[in-house]
Number of protein chains: 2
Amino acid sequence: MPRTIISTRSENTPPSPIRRLDPLARRAEKEGRTVYYLNIGQPDIRTPREFYKGVRRYREKTLPYSRSSGHEGLCQSWSSYLKRNNGLDISADQFVIVCGASEAIVFSFVICCDPGDEVIIFDPTYANYHGFAGMTGVNLIPVVTSSENGFAIPAREEIERTITRRTRAIMVCTPNNPTGSVCSAADLKMLLEVCEKHNLVLMVDETYREFVYDGYEPLSIYHVAPANPRVIVFDSLSKRFSMCGARVGCLITYNQKILASARTLASARLSAPTLDQAGAAFMLDRISPRYLQKAVLEYQKRRNILIEELGVSDHFLIHRSPGAFYTLVKIPVSDAEDFVKYMLTEFSYKNQTVFVAPGNGFYTNRALGDNKIRIAYVLNCKAMKKAAEVLRIGLEEYLGQKGGEDIPKSEKQ
Amino acid sequence: MPRTIISTRSENTPPSPIRRLDPLARRAEKEGRTVYYLNIGQPDIRTPREFYKGVRRYREKTLPYSRSSGHEGLCQSWSSYLKRNNGLDISADQFVIVCGASEAIVFSFVICCDPGDEVIIFDPTYANYHGFAGMTGVNLIPVVTSSENGFAIPAREEIERTITRRTRAIMVCTPNNPTGSVCSAADLKMLLEVCEKHNLVLMVDETYREFVYDGYEPLSIYHVAPANPRVIVFDSLSKRFSMCGARVGCLITYNQKILASARTLASARLSAPTLDQAGAAFMLDRISPRYLQKAVLEYQKRRNILIEELGVSDHFLIHRSPGAFYTLVKIPVSDAEDFVKYMLTEFSYKNQTVFVAPGNGFYTNRALGDNKIRIAYVLNCKAMKKAAEVLRIGLEEYLGQKGGEDIPKSEKQ
């Protein structure tokens, strides 16, 4: 038999669980049903006008590559933004601009790990980390966090137990996608101590840094450990300024060797998008703090509506997670993916249905997610209320048809 | 001693030779000298107005991710463009839109190779292929082409001799960066036969497809082997439409498994830039064939000026290469990088100097490039003539100071 054309690593990289069921949703729409999309973190808040303005006023006769490690003005603007909004003093020299935080993660895996090396993550985790690990030959080693305590970072011993000769880094996303949980300063300090002790890198995905509710303050690892050379931060404008389609992220580190390697990788792929960077720099220099304040209040409202509406039913174990715009909800089913498919193919309430992400895609041991769904609260309050109602009624009908048990009262908050 | 934080593969990935000497050029400018940049393929031809128009008329309230495998309209427009301009019948379904051809190459390496697998390339080669191979753990195995015969594709036997148990693909760039050589239909057919026989993938980088001179016609592998499922084509708008800063490339394949894997990788990194894609689709639908005809004539003129001007001297072995906008020139020095540095740091003619790329960065066995420089003819005719003159005088002075021999008459064309 001829050898297959496809590599083993590619055979082993599963399609994104968040997008895999897209065709079913499109079919539901074609059949005339309204679909509420709570499956993906595509915000609906208005992109700042300043971004579009920055793009439109770009008038170079020829659109050139930007500096491969990033438009110098953008590095400067981002640095000033962090100073102004987060009280962080980080020089523009520590930045490498990348095509979304995704590229920052790929670069960091390549820089810190050889094929077969390990990075510790916290499960449930952002599903695409697995895609990046597959591409770069890195093994992600999960430490499982529990829905019962709001997906808190586990005890130090539990993390240290997973460290092997091949461990190179610990990666954490805070505020967290998919759970909405937030690391405390003590959590971050503990993780850094573990990294110091075992000579690991601490990778912190701060894409959702400003999205914190209930009086929490935005917290960066650089608040806890200023200028620490063992740290890499991934950041992105996509969510913060509702501009996912602009591929502008950054990697920030005080480790000069990591920085040099990141610049080398950036130089091989030549440039991040020049127009997006021009727009982003213009926007960061001019955006009012009100923009983000309003956005954060809006997401908090949406979350509260979701909790209130789903709370009417005994079937949802939902946490008042303080961050990001996701929550991972436990439901009394044995196969959440089957429930998601049911919602898209069979269910209809007043000609409406809801698309949520099945939980299994967020777990390395997929079975742990079989009784969970991730909800992204990215619709306006009115739509959110309707969507939550439809979801609640949908689950009731599903349980009525397929059977299932309520979540024990003792587990409810 | 503590283990190093940086991976071996990252330690082994050298910075791009094309950009490594940038600081010297900037210093020369600061000192007041005019620097002609012939070191990088950054065209100076005007970006089509239609692209900017397409970007500016994009008016979505929120800038969303595009479909991860690419904006559907752009796939359609690109497909129509290939039909109209190249007589190729390729459905939009065979496209995956990527962040520049660079990403297409990274994806293809991941899809076809596991770490340690091999891809055959032709040396001299586009230097960044090594960066992508380093990232993905692929070993590039060079078959050396010779400046003496215009860097023609070597005989079949020479290629087959390099195939091992771990070979997964042959990759060729035509028209070629850095040599300007062009594959004939017979070359491509032969490469495909080798791939068929040994169950390999043929990767063809067609970034410069339309840039052919002296009566050559643009030739795609899909002219030679329509719909062949053993082929992946990399394409890009960066050079063709002088829009390097728009990160829009594509991967085209009829192999359904490769296509599915590419879509999975695309989905992990979410989206190519939405605005760039919108602008590109608008532009491709409207651009007049005259734009490219004029650009191609202009590059041919520049090449001819370069050849004429350097031909005055016996020191340059320069080929009338029929494609792309590069040429790899043999010069009678033992360390071309030293010559490039000399031009930037010591030499001045009427307060001008020239920045070319040292040849060693384009060879796996770097020593083979020590007597070569790559020239990108990306300046307008007037500047090109001046730059060539300055380069000629510079080399004469360098040889006068450092010694060196003329290229034997027998080697000149």
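How high is the FRET efficiency from B:GLU148 to A:ASP314, r the C-beta distance, R0 60 Å, rounded to 0.05?
About 0.15, to the nearest 0.05.
Checking the a/c ratio against 1.5 first, then a/b against b/c, what shape does the Cα gyration tensor give for the range A:49-286?
Prolate, because a/c is 1.5 or more and a/b exceeds b/c.
Treat the count of other C-beta atoms within 10 Å as a stand-in for reagent exposure and order B:LYS330, A:LYS53 from fewest to most.
A:LYS53, B:LYS330
Give me the one-decimal nm value for the distance between modelled label points at A:CYS381 and A:THR164, 7 Å along each residue's Cα-to-Cβ direction.
Inter-label distance under the simple model: 5.1 nm.
Give the average over all directions of the projected area of the C-alpha convex hull of the range B:292-334, one decimal, in nm².
3.1
I'd like the distance between the alpha-carbon centres of the range A:337-399 and the range A:70-109, rounded to an integer number of Å.
So the two Cα centres are separated by 35 Å.
Search the structure for amide H atoms under 5 Å from the amide H of A:LEU140, placed 1.01 Å from N in the peptide plane, and list their residues when 5 or more places away or on another chain.
Correct list: A:VAL119.
Among B:GLY70, B:ILE6, A:THR364, whose Cα lies farthest out toward the positive end of the dipole of the protein assembly as shown, if unit charges sit on the beta carbon of Lys, Arg (+1) and Asp, Glu (-1)?
B:GLY70
Roughly what percent of Cα-Cα pairs across the range B:14-111 reach past 17 Å?
For the range B:14-111, the share of Cα pairs beyond 17 Å comes to 73 percent.
Local charge sum around A:THR13 (other residues, Cβ-Cβ under 13 Å, Lys/Arg +1, Asp/Glu -1)?
Summing Lys/Arg as +1 and Asp/Glu as -1 gives +3.
Give me P(r) over the range A:167-218, computed from all C-alpha to C-alpha distances, binned every 5 Å, as integer percentages.
5, 21, 27, 22, 15, 7, 3, 0
Show me the ranking of peptides A:114-121, B:213-220, A:68-75, B:9-16 by mean Cβ neighbours inside 10 Å, starting with the highest.
Top to bottom by mean Cβ count within 10 Å: A:68-75, A:114-121, B:9-16, B:213-220.
Taking the Cα-to-Cβ direction at B:ASP93 and at A:LYS294 and moving 7 Å from each Cα, how far apart do the two end points lie in nm?
4.5
Could you tell me which of rounded, prolate or oblate describes the range B:125-214, using a ≥ b ≥ c as the square roots of the eigenvalues of the alpha-carbon gyration tensor, with rounded for a/c under 1.5 and, failing that, prolate when a/b is larger than b/c and oblate otherwise?
Oblate, since a/c reaches 1.5 and b/c is not below a/b.
To the nearest 10 degrees, how steep is helix B:289-311 against the longest Cα principal axis of chain B, on a 0 to 90 scale?
Its long axis makes an angle of about 20 degrees.
Between helix A:381-402 and chain A, what is the angle of the helix's C-alpha long axis to the longest principal axis, kept within 0 to 90° and rounded to the nearest 10?
Helix A:381-402 sits roughly 50 degrees off the main axis of chain A.
Given +1 on the Cβ of Lys and Arg, -1 on the Cβ of Asp and Glu, and no further charges, what dipole in debye does the range B:49-287 carry about its Cα centre, rounded to the nearest 20?
Using only the charged Cβ atoms, the result is roughly 1020 debye.
Relative to the longest principal axis of chain A, what angle (0 to 90°, nearest 10) does the C-alpha long axis of helix A:100-112 take?
Roughly 70 degrees between the two axes.
If the only charges are +1 at each Lys and Arg Cβ and -1 at each Asp and Glu Cβ, what is the size of the charge dipole of the range A:204-325 around the Cα centre, to the nearest 20 debye?
The calculated dipole for the range A:204-325 is roughly 440 debye.
Quick check: convex hull of the Cα atoms in the range B:208-355, volume per residue, rounded to a whole Å³?
203
Give me the extension gain from B:GLU11 to B:ALA260: residue separation times 0.36 nm, minus the current Cα-Cα distance, reported in nm with one decimal.
Between B:GLU11 and B:ALA260, full extension yields 86.4 nm more.
Could you tell me what fraction of 2.2 N^0.38 Å the Cα radius of gyration of the range B:52-108 comes to, as a two-decimal ratio?
For the range B:52-108, the normalised Cα radius of gyration comes out at 1.30.
Hey, for B:HIS223 with labels 7 Å out along Cα-Cβ, what do the inter-copy distances come to in nm, ordered shortest first?
Once sorted, the set of distances for B:HIS223 reads 6.1 nm.
Determine ³J(HN,Hα), in whole Hz, for all residues of the range A:234-241 in sequence, where each value follows from phi through the Karplus function 6.51 cos²θ - 1.76 cosθ + 1.60 and θ = phi - 60°; x replaces Gly and Pro.
For the range A:234-241, the Karplus-derived couplings read 9, 9, 7, 8, 3, 8, 4, 10 Hz, x marking Gly and Pro.
Taking the Kirkwood radius as the inverse of the mean 1/r across Cα pairs, report the Rg/Rh of the protein assembly as shown.
0.99
How do B:26-38, B:292-304 rank on mean C-beta neighbours within 10 Å, highest first?
Put in order of decreasing packing, that is B:292-304, B:26-38.
What distance in nm separates the simple spin-label points at B:ASN304 and A:LYS350, each placed 7 Å from Cα in the Cβ direction?
7.4
Counting just the Cα atoms, what span does chain B cover along each of its three principal axes? Round to the nearest Å and put the largest first.
Result for chain B: principal-axis Cα extents of 59, 57, 52 Å.
Taking +1 at the Cβ of each Lys and Arg and -1 at the Cβ of each Asp and Glu, which of A:ASN85, A:SER102, A:CYS113 sits farthest along the dipole of the range A:65-117 towards its positive end, judged by Cα position relative to the Cα centre?
After comparing all options, I get A:ASN85.
Taking every DSSP beta bridge that has both residues in the protein assembly as shown, what percent is antiparallel when rounded to the nearest 5?
Restricted to the protein assembly as shown, the bridges split so that about 45 percent are antiparallel.
Where does the charge balance sit around A:PRO23 when Lys and Arg score +1, Asp and Glu -1, over other residues with C-beta under 15 Å from its C-beta?
+3
Taking the range A:156-218, which trypsin sites (Lys or Arg not before Pro) meet the DSSP loop condition and have no more than 16 other C-beta atoms within 10 Å?
Sparse-neighbourhood loop trypsin sites (Lys or Arg not before Pro): A:ARG161, A:ARG165, A:ARG166.
Return the sequence-ordered ³J(HN,Hα) values of the range B:32-46 in whole Hz as given by the Karplus equation 6.51 cos²θ - 1.76 cosθ + 1.60 applied to θ = phi - 60°, using x for Gly and Pro.
In residue order, the calculated couplings are x, 7, 7, 10, 8, 8, 10, 8, 9, x, 9, x, 10, 5, 5 Hz.
So the label point sits 7 Å from Cα along the Cα-to-Cβ vector; using that for B:GLU11, what distances do you get to the other copies, in nanometres, sorted shortest first?
In nanometres, ordered from closest: 3.3.
Under the rule a/c < 1.5 gives rounded, and otherwise a/b versus b/c splits prolate from oblate, where does the range A:1-50 land using the Cα gyration tensor?
In terms of gyration-tensor shape, oblate.
For A:VAL354, which sequence-distant residues (separation of 5 or more, or a different chain) have an amide H within less than 5 Å of its own amide H, given hydrogens modelled in the peptide plane?
For A:VAL354, the qualifying residues are A:TYR36.
With +1 assigned to the C-beta of every Lys and Arg and -1 to the C-beta of every Asp and Glu, and no other charges, what is the dipole magnitude of chain B about the Cα centre in debye, to the nearest 20?
Charge dipole of chain B: 1440 debye, to the nearest 20.
Between copies, how far does the label point of A:GLU157 sit from its twins, in nm, shortest first, when each point is 7 Å from Cα along Cα→Cβ?
Relative to the other copies, A:GLU157 has label-point distances of 7.1 nm.
Which whole-Hz ³J(HN,Hα) couplings does the range B:68-79 yield from phi under the Karplus relation 6.51 cos²θ - 1.76 cosθ + 1.60, θ = phi - 60°, glycine and proline marked x?
After applying 6.51 cos²θ - 1.76 cosθ + 1.60, I find 5, 8, x, 3, 4, x, 5, 4, 5, 5, 5, 4 Hz.
None of the figures in this text is laboratory data; all of them are computed from the coordinates on show. Computed from a predicted model, the values in this text were never measured in an experiment. Cβ sites come from the backbone with ideal geometry, for glycine too, and all protein chains shown count toward neighbours.
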